[in-house]
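Here the structure is laid out as structure tokens; the discussion comes afterwards.
The values are calculated or read from the model by the stated rules, or taken from the named source; none is laboratory data. Note that the coordinates shown come from a computational prediction; the quantities given were computed from them, not determined experimentally. Please note that ligands, DNA and RNA were not included when accessible areas were found on the heavy atoms of the full protein model with its side chains. Shrake-Rupley method; radii C 1.70, N 1.55, O 1.52, S 1.80 Å.
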Amino acid sequence: MFVVIQEISVKKSDKGGYAKELKSEYLPIIFNGEDIGHYWHHYGDEKFERPIKKAYRVSIHHSFRKEGKVQKKQFVLCTMNYYDLATDFFSLYDWCNSKISLAAEGLSTSVDEIYELVEKKIDPLIDKIQCEFHETEEFKTHEKHKEILTIYAAKKAQFSKQYELSDGEYDRIYDVFGKCHNPEYLEKIKREYKQRKEYERKSRSYQEDFYSNHNKYFGGSSYHNSISDNHTEDDKETLKQFYRVLSKKFHPDANPDIDTSEEMKLLNRLKNDWGI
């Protein structure tokens, strides 16, 4: 039992070449009079030509004697295009599993044995073709595009994490190549992030001072409990509504040009006093 790989010519060239260009475009989106558009990327329509018109037919052959005569069995497993091998698109299991199972049954052997024979024969051919393809402009351009997309994804994730934003905010500023197109919006993000962090710092400081003084003058949590225990559950639901309305009104995000930290301090103190 042995494997035969036959090289054959094909009439039509492979039309699935990689794109020659990675493009970035701006998509304007107007919402409430404001442009909240973003940059998006895609491959260009022009593709590399693939001039090699070769394919490879893989088959299993077995010769044996029956009643003194030589007889042969042959099982064709698949036919692979040159560029299927070059781009690592070919998968022996996906393409040949059913045919290999039939061959194993017809030859009274195991599926694993046929897989081993085919892989031993086909792997050197794949290595040779891929080495050739890796020297082409098509492959080198495609690898460059993959590198650009990898760097873009990493920068986008780092930006979103740094400023605690959704991924879409990065695309309002940068294109896939990392070029900044909206420095004004970038400065706004940095400014709001700084204000947010300053508010959080002040809020933490206030909370620490408040509870420190609370414990100092009122002996722990008994004072807070005495106030909050005076409110019924219905009262607390109403107070929660008060808190939601006021917190939206005085939150720093809603007042980028006004320092509302004192109002928020008072509101947070009331929230604790109310026990909600």
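Taking N as the residue count of the range 60-207, its C-alpha radius of gyration divided by 2.2 N^0.38 Å amounts to 1.98. Here the accessible area of the chain is 50 percent carbon and sulfur, with a 1.4 angstrom probe and all protein chains present. The length gained by stretching the chain between ILE148 and SER63 to full extension, at 0.36 nm per residue less their Cα-Cα distance, is 25.3 nm.
Per residue, the chain exposes 66 Å² of solvent-accessible protein surface, assessed with a 1.4 angstrom probe and all protein chains in place.
The accessible area of GLU263, taken with all protein chains in place and a 1.4 Å probe, comes to roughly 80 Å². Note on the range 103-160 and the range 50-64: Cα centroid distance 19 Å, given to the nearest whole angstrom.
Counting only heavy atoms of the protein chains and using a 1.4 Å probe, ARG57 has close to 80 Å² of accessible surface. Shown are TRP274, TRP40, whose ranking by accessible area with a 1.4 Å probe and every protein chain present, most to least, is TRP40, TRP274. The sum of -39500 (n - 2.57) across all DSSP H runs of n ≥ 4, divided by the residue count of the chain, sets its helix-only mean residue ellipticity at 222 nm to -18000 deg cm²/dmol. Plainly put, the chain has a radius of gyration that is 1.31 times its Kirkwood radius, both from alpha-carbon atoms, as the Rg/Rh ratio. For the chain, averaging the sequence separation of C-alpha pairs within contact (under 8 Å, six or more residues apart) and dividing by the residue count gives a relative contact order of 15 percent. Starting from a Cα-only point model with no solvent, please compute log10 I(q)/I(0) by Debye for the range 25-108 at q = 0.19, 0.24, 0.25, 0.26 1/Å. Log10 of I(q)/I(0), two decimals: -0.95, -1.14, -1.18, -1.21.
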